[in-house]
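The values are calculated or read from the model by the stated rules, or taken from the named source; none is laboratory data. Keep in mind it's a predicted model, so treat the numbers as computed, not measured. Using ideal geometry, Cβ is built from the backbone for each residue, glycine included, and neighbour counts are taken over all protein chains shown.
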Amino acid sequence: MALDAQGTNVTDRAGLNGQAARCDHIDQLPTVEPGLPECKECLGLGRTWAQLLVCLTCGWVACSDDSRGGHSRAHYEETDHPVVATLASKSTWRWCYVHRRTV
């Protein structure tokens, strides 16, 4: 049995065929309504954005790391809200800042 630093059996958390372990952060997310489809910080600075992300903890909308401001990451660093999703329609893409990977 393999244990992590907290003594948890990592085999229980492992994905199939060597996939990364499931992100526990997505299991703890409330249902939120996204804010307006705009990055308020970029608008205030007169900037445009490449992509908008919504915080799945509070619904805050901000620009992605691909944008000049990177305000979504700044929101994570300020609040510790771990998971964001794209506002692009019909996309299921989500990113966990803690694990630094898609979930």
Residue ID - nearest to the chain's Cα centre (by Cα), chosen from residues in the range 61-80 that are surrounded by fewer than 20 Cβ atoms within 10 Å (Cβ to Cβ) and closer than 16 Å to PRO30 by Cα: ASP80
Qualifying helices (runs of 4 or more DSSP H) (wholly inside the chain; at least 1 residues being in contact with a Phe, Trp or Tyr (Cβ under 8 Å, 6 or more places away or on another chain) and either on the phi < 0 side of the Ramachandran plot or at pLDDT 85 or above (or both)): 40-45, 71-79
Residue in the range 52-60 that is touching an Asp or Glu at 6+ places or on another chain (Cβ under 9 Å), over 20 Å from VAL103 (Cα atoms) and not acidic (Asp, Glu) present: no
Count of the range 50-77 residues which are of a type in the set (A, V, I, L, M, F, W, C) and touching a His at 6+ places or on another chain (Cβ under 8 Å): 6
